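Single-structure report; data block below.
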Amino acid sequence: MNGLGNEIVVLDLRGSGLAVSGSQARAIWRGEGLAFDQLMALQEPRSPGTAAFVTIFNNDGSEAGACGNGTRCVAWTLMRGAPDEELVVETIAGQLRCRRTGESAFAVEMGRPRLAWREIPLAEPVADTRNVEVCFELDGASRTLRASAVSMGNPHAIFFPRGPDDFDLARLGPILERHPMFPERANISRAEILSRTHIRLDVWERGAGLTRACGSAACAALVAAVRDGRCDRRAIVSLPGGDLEIEWRGGDDMVVMTGPVEFEFETRLDPALFEERAA
Ligand SMILES: N[C@@H](CCC[C@H](N)C(=O)O)C(=O)O
């Protein structure tokens, strides 16, 4: 499947008694036609009232606590052929309520943003996480950039450069993703405020690189823009793959992401094959 071109494999392991490891996820990514940005592995629910437990892998085999585009794909998969219009899934970061808003469109309550330095996490105390100083060497010269850091269940650093040419994401993404300030690495975004209700966003994803869209980054970017007083609480976030609507609700602090999904194809995997490839 894909969510705005963010390539997602939904692997339904419910009822199989199987689990997938990081090295198996990497092996699946090498399977023919299966290259993904994220793999969403569905397992039996762990908490009452939830439809499935979802383990999220990036294509480098690392695990993530959140994936907005992938969660919409999971909602589509779980609601397929069922009359349900709403369900809750669980990840290591918490429970996410998903609601159908159109034939192939879903709204996901992505959780409350975590803004304290320990929660993101950052490597050292930072009083104002809207203004995190990141120093590094590039071409033999020292550079300092400032990011707004937000966790949406996964760590995000949002940069607001003067113009897109001031921030070469393909070059800076891999350096900043692994910067010592981000002990669990970070998703790196370049954001441009087009108006109070419109943000343009490009994302270098932790564990996956440049992608056409990243739902949790879109949420983090709106939160960062609202914290700076630059955007209203509801805005369109335009990514290379298309638009997401993001709202950071004032009442309950919840961030809600709404957008489409696309089904591409379905196949069956032989677990033995991927055991061999992972070895
Ligand atoms: N594509 C995702 C984010 C996936 C996880 C991320 N790369 C991480 O490691 O935190 C999205 O749509 O949110």
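The values are calculated or read from the model by the stated rules, or taken from the named source; none is laboratory data. As the structure is a computational prediction, the values presented were derived from the model and not from experiment. FYI the Cβ positions are ideal-geometry reconstructions off the backbone, even for glycines, and counts take in every protein chain you see. With ligands, DNA and RNA removed, areas are computed over all heavy atoms of the protein, side chains included. Shrake-Rupley method; radii C 1.70, N 1.55, O 1.52, S 1.80 Å.
Miscellaneous remarks
- Relative contact order of the chain, pairs being alpha-carbon contacts under 8 Å that are 6 or more residues apart, as %: 19 percent
- Taking the Cα centre of the stretch 132-251 as reference, the dipole from Cβ charges on Lys and Arg (+1) and Asp and Glu (-1) amounts to some 280 debye.
- Relative to the Cα centre, the charge distribution of the chain, modelled as +1 at Lys and Arg Cβ and -1 at Asp and Glu Cβ, gives a dipole magnitude of about 560 debye.
- Computed from backbone phi with θ = phi - 60° and the Karplus coefficients 6.51, -1.76 and 1.60, the 3J(HN,Hα) list for the stretch 35-50 is 3, 10, 7, 10, 10, 10, 9, 8, 10, 3, x, 9, 10, x, x, 9 Hz; x is used for glycine and proline.
- Computed over the chain, the ratio Rg/Rh where both radii use C-alpha atoms and Rh is Kirkwood: 0.96
- Furthest towards positive pole of dipole, Ser195, Thr258, Ala221, structure part the stretch 195-272, Cβ charges: Ser195
- The apolar share of the surface of the stretch 21-175, taken as the fraction of accessible area on carbon and sulfur atoms (1.4 Å probe, ligands and nucleic acids excluded), comes to 45 percent.
- Qualifying trypsin sites (Lys or Arg not before Pro) for the stretch 1-81 [loop in DSSP, other Cβ within 10 Å: at most 11]: Arg46, Arg80
- Alpha-carbon centroid distance for the pair the stretch 10-35 / the stretch 197-248, whole angstrom: 28 Å
- Within the shell defined by Cβ-Cβ distances under 13 Å, the residues around Pro180 carry a net charge of -3, with Lys and Arg each +1 and Asp and Glu each -1.
- Kirkwood Rh in Å, taken over the stretch 132-251 so that all alpha-carbon pairs contribute: 14.2 Å
- Within-11-Å neighbourhood charge of Arg212 [Cβ basis; K, R +1; D, E -1]: -4
- Surface calculation, 1.4 Å probe, protein heavy atoms: Thr55 sits at approximately 20 Å² accessible.
- Estimated at the nearest 10 Å², the accessible area of Asp60 is 50 Å² with a 1.4 Å probe.
- Only protein heavy atoms count here; on that basis, with a 1.4 Å probe, Cys135 has an accessible area of about 70 Å².
- Around Arg99: net Lys/Arg minus Asp/Glu count, Cβ-Cβ under 12 Å: -1
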